[in-house]
Amino acid sequence: MLSFIQGMQPGYAQLPMLEPPWLGYFAVANESKYRLFIPSTGEFGIHVINKAGDPIEVYGITLQFLATETLPDGSVRDLPMKLDSLETSDPPNAKFKKTVFRGKLTEQATGQPTLEVTIENSSGSILANARIIEKGTFDKKPLLPVIRVGFPAFHASEQVAKETWDKKQIRDFEKALGKDSISLKHLDGKTVKLACNEKPKLKPDEINAAGSSRVEVDIAAYQDRKIELIAGPNSFLTLANAGSAPLHGGFWLQWSGDASKDPGAKAKLAIRIK
């Protein structure tokens, strides 16, 4: 297995780079509705491509791979992947279909768990899986691999511009903002739809219940594209910041497998741009 050399930025891997026009990237999958990319520094992201064929880079979607640890008091803490520990045997690829990474978790010096990440670009869908392959000193502690799909703040510049708008401009903007929503289809089949322009009226446990099998993000900033997240069998999705603030300020959805039903950690997250 080829280990990558630590890059010039502290704490970041310096993965091999592609040649121009993708200089600075390790891997790119350029599709008609999205661009999946992995910079040489090891981050992961998605740009939605509008119907004119242009990437909507200002509202890039991020992918974060990590694990969570349940502490004795029942609280949960994050174990992030250390980007300067990434390794892979895959070469740089401007049309990649599948790539596999391994990376250490936590900032402690020794005994770090190892997370393996698999990303596939298949038939217009992005498929992702994360699993613990070495628990290190966490051998007897419950660790849960998770994937977080982050959406940035929307309409931030327009909110500032409202100070100089007339009443009609403000009314038209608020009407458009009111159409932005996310819909969560719970594992029991029930659907919860949340408007992005106001703080959710439901409690977090009502929003997430036992988890969702499917989430659809319908936001005007993506120019008539909808983003769909699907939890494969034996896995589920939750809205991580449910109930804390209006969703137009940014939010992230979290995928994880059901350890009791998927001990081999083979479950996958699918992301589709429609």
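Counting only residues 5 or more places away or on other chains, whose amide H sits under 5 Å from the amide H of residue 15 once H atoms are built in the peptide plane?
41, 42
List residues of the stretch 111-127, by number, whose backbone nitrogen lies under 16 Å from a label position 7 Å along Cα→C-beta of residue 97.
119-127
Using a Cα-Cα cut-off of under 24 Å, which lysines could be cross-linked to residue 203, ignoring same-chain neighbours fewer than 8 residues away?
179, 185, 190, 193
Among 56, 170, 46, 147, which comes first, then next, by fewest other beta-carbon atoms within 10 Å?
If I rank by nearby Cβ atoms, fewest first, I get 170, 56, 46, 147.
With contacts defined as alpha carbon pairs under 8 Å and 6 or more residues apart, what's the relative contact order of the stretch 175-257 in percent?
About 30 percent, as a whole number.
Testing the spin-label approximation: label points 7 Å from Cα along Cα→Cβ at residue 202 and residue 135. State their distance in nm.
3.4 nm
Ranked by Cβ crowding within 10 angstrom, fewest neighbours first, how are 81, 17 ordered?
Placing the least packed residue first, the sequence is 17, 81.
With unit charges on the beta carbons (Lys and Arg positive, Asp and Glu negative) and the dipole taken about the Cα centre of the chain, which residue among 32, 85, 61 sits farthest to the positive side?
Result: 32.
Can you pull out the trypsin sites (Lys or Arg not before Pro) in the stretch 135-226 whose DSSP state is coil and whose Cβ has at most 12 other Cβ atoms within 10 Å?
Here the sparse-neighbourhood loop sites are 140, 179, 190, 201.
Return the sequence-ordered ³J(HN,Hα) values of the stretch 107-121 in whole Hz as given by the Karplus equation 6.51 cos²θ - 1.76 cosθ + 1.60 applied to θ = phi - 60°, using x for Gly and Pro.
Taking θ as phi minus 60°, the curve returns 9, 6, 6, 9, x, 6, x, 10, 9, 9, 10, 10, 10, 10, 10 Hz for the stretch 107-121.
Readers should treat all values here as calculations from the given coordinates under stated rules, not as data from a laboratory. Remember, it's a predicted structure, so these values are computed and weren't measured experimentally. A quick note on method: Cβ atoms are made from the backbone with ideal geometry, for glycine too, and the neighbour counts reach across all protein chains shown.
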